[in-house]
Amino acid sequence: MQAEIYALEQNNTWVLVDRLPDKRIIGCKWVYKIKLKIDGSIERYKARLIVKGYTQIEGVDYFDTFFPVAKMTIVRVLLSMVASRGWHLLQLDVNNAFLHGDLNEEIC
């Protein structure tokens, strides 16, 4: 949990402000997961702080939605290019990723 809070602070994910009387508060919760090694032993404990987005009301808390995803056809094309050209392929495990976008609404 400490590592997650540190990463959120380092990425300037939020700004602490006094509660605004005209804004609804959207809660958050911790989600825990135990990552296992291939032999079944414990590798590490993970914790993520997530927002309870299901409490939001369209037209009040948000107006548009956008969720970027990688299409499997693109992944297949990239893998076929790597194989056909004999390129070396490496895997990167991202510890903490943030998608930054411009928000026109204030979220509390």
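The values are calculated or read from the model by the stated rules, or taken from the named source; none is laboratory data. The shown structure was predicted, so the numbers you read here are calculated from the model rather than taken from an experiment. Backbone-built Cβ (ideal geometry, glycine too); neighbour counts: all protein chains shown. Just so you know, the surface numbers come from the protein's heavy atoms only, side chains and all, with ligands and any DNA or RNA stripped out. Shrake-Rupley method; radii C 1.70, N 1.55, O 1.52, S 1.80 Å.
Residues of region 1-31 being of a type in the set (S, T, N, Q) and within 20 Å of Tyr62 (Cα to Cα), which ones?
Initially, region 1-31 is screened for residues of a type in the set (S, T, N, Q), giving 2, 10-13.
Result: Thr13, single match.
Looking only at region 60-94, count how many residues are of a type outside the set (S, T, N, Q) and either at pLDDT below 85 or in a loop (DSSP other than H, G, I, E, B) (or both). Write out each step before concluding.
Here is the first cut: in region 60-94, the ones of a type outside the set (S, T, N, Q) are 60-64, 66-72, 74-79, 81-83, 85-90, 92-94.
Filter again for either at pLDDT below 85 or in a loop (DSSP other than H, G, I, E, B) (or both), leaving 60-64, 66-71, 86-90, 92-94.
The total comes to 19.
Given (1) touching a residue at least 40 places away in the same chain (Cβ under 8 Å); (2) within 20 Å of Cys108 (Cβ to Cβ), where does Ala7 come up short, assuming only one miss?
So the condition that Ala7 fails would be (2).
Looking at (1) more than 22 Å from Glu106 (Cα to Cα); (2) assigned to a loop (DSSP other than H, G, I, E, B); (3) open to solvent by less than 60 Å² (accessible area, probe 1.4 Å), which is the only condition Asp39 fails?
Condition not satisfied by Asp39: (3).
Could you list all residues from region 15-35 that are aromatic (Phe, Trp, Tyr) and exposed (fewer than 10 other Cβ atoms within 10 Å of the Cβ)?
Of all residues in region 15-35, those aromatic (Phe, Trp, Tyr) come to 30, 32.
Tyr32 - this is the single residue of region 15-35 that is aromatic (Phe, Trp, Tyr) and exposed (fewer than 10 other Cβ atoms within 10 Å of the Cβ).
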